[in-house]
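What follows is a set of notes on a single structure, which appears directly below.
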Amino acid sequence: MILTALVFLTILSVLVLIHELGHFIMAKKFGIKVEEFGFGFPPRAFGIKRGETIYSINWLPIGGFVKLYGEDEAGAGRIKKSDLKIQDKKDLKRAFFARSPWQKAVVVVAGVAMNAALASVIFYIFLFLSGFKTEIPLLGQHKFFFVNQQNIEGIFIDKVVPGSPAEKAGMGASTKIESINGEKIKDAKYFLHTVNANKGKEITITWENVQTNKKFSAKLTPRANPTKEEGALGVRFFPVVTAELSYATPMQKLFSGIVHPINLMSYNLDVLKTLIAAAFKEKTAEPLSGAVSGPVGIYSLVGSIIQIPDIKDRIMQILNLAGMLSISLAFFNILPIPALDGGRLFFILIEGITGRRVPEKFETTIHTVGMAILLTMLLLITLQDIGRVFSGGFSR
């Protein structure tokens, strides 16, 4: 529990601090006054003032912020000249709202750029350690860019009947069958044929628990006369396709750290599109909600990774998770969603195109409403994740 919490907070801290550091560095470069650099959300636990900037640690350790002179926490330029104290008027030119649209846009985009750069660095390390090879389970069809791809069909076990040969051999749900008698599983047809051809005979099956990445091998005997509902092994399975990716050529390796996160986001968007379509077709949000996790879900996933016995595999999975979170943070932050960087950038672009700022009160209201909606969604996702933990939907 302690190790899981430390790893979880470390990943979160690095992602947030790198993001906010991007805003901080560009604001300083342009001479914009930075009033506070905070990790977490208020109320403030403690803070240290260095120069004109307060560096603070806040009680809600999810997120962070850089408070710029002339900008409120919601991201809108609510402060006007008349609102500033007389002794501060000499610093009006250092206010965020007083800067040109392009400077404000650079400051806003800098956080996203830092997360994208961090994801690239993480995946360079990840791919180097993996020999520039990795596997991604596929939902549907997807062609990855600038990488050698081979799709391999496998067998995923999602239910094991109590007292069955599979259960006695130690097989459980969330299992991926890798081989039978040393022969790698080619497809569902091959799996069924091999099992049925060896009814009453001892066979050796190798499998992997996909939640813990632990691999097992055991001897078992498929039942010669099983019930129709249970089958010879006593498992319920369905075929899964895994994309084996190899960055093999010198050019592929050179750009792998840049290409791989792009490939991952492209695939995730395809999956998201599929889930949204399924939700509309079935007239339920379950397909989509089941694929979304918040801080509790990520914490639980970290707990599963910590249980991986092989240290190298454990490090690889932590790197993969951190890289995926970093590129996801960059992507969703740049979308024109109120209260996020993309929402702020949207209003800045309007100012750049029209030459006039959007009324401060209107922009502040939009960001405030957007923040309230995002926090409500986060609360709902968190409650859903807690429910999964207690129902056994997450592995620890």
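The values are calculated or read from the model by the stated rules, or taken from the named source; none is laboratory data. Computed from a predicted structure; not experimentally measured. Cβ: placed from backbone, ideal geometry, glycine included. Neighbour counts: every protein chain shown.
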* How many of the residues making up region 96-132 are of a type in the set (S, T, N, Q) and in contact with a helix residue (DSSP H, G or I) (Cβ under 8 Å, 6 or more places away or on another chain)? -> 3
* Structure fact -> Taking region 246-283 and the residues there that are over 14 Å from Gln149 (Cα atoms) and not in a helix (DSSP H, G or I), the one that is modelled with the highest pLDDT would be Phe255
* **Among the residues listed as Glu167, Glu153, Glu135, the single one being under 22 Å from Ile315 (Cβ atoms) and of a type in the set (Asp, Glu)** => Glu135
* **Test: Ser300 is over 25 Å from Leu245 (Cβ atoms), buried (at least 18 other Cβ atoms within 10 Å of the Cβ) and modelled with pLDDT of 80 or more** => yes
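Tally up the residues in region 344-376 that are of a type in the set (Asp, Glu) and either modelled with pLDDT of 90 or more or under 28 Å from Val292 (Cβ atoms) (or both), please. Spell out the reasoning first.
Filtering region 344-376 for residues of a type in the set (Asp, Glu) gives 351, 360, 363.
After this cut, where a residue has to be either modelled with pLDDT of 90 or more or under 28 Å from Val292 (Cβ atoms) (or both) as well, the list is 351.
Residues flagged as of a type in the set (Asp, Glu) and either modelled with pLDDT of 90 or more or under 28 Å from Val292 (Cβ atoms) (or both) within region 344-376 amount to 1.
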* Hits in region 237-257 (condition: surrounded by 14 or more Cβ atoms within 10 Å (Cβ to Cβ) and of a type in the set (Phe, Trp, Tyr)) -> Phe237, Tyr247, Phe255
* Determine whether region 29-49 contains at least one residue that is exposed (fewer than 14 other Cβ atoms within 10 Å of the Cβ) and in a helix (DSSP H, G or I). => yes
* Residues that are loosely packed, with under 14 Cβ neighbours inside 10 Å, at negative phi and assigned to a loop (DSSP other than H, G, I, E, B), drawn from region 158-172 -> Pro162
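Considering only region 96-116, how many residues are among the β-branched types (Val, Ile, Thr) and surrounded by 24 or more Cβ atoms within 10 Å (Cβ to Cβ)?
So the first thing to find is which residues in region 96-116 are among the β-branched types (Val, Ile, Thr), and the list is 106-109, 112.
Narrowing the set further to residues that are surrounded by 24 or more Cβ atoms within 10 Å (Cβ to Cβ) leaves 107-108.
Total satisfying the criteria: 2.
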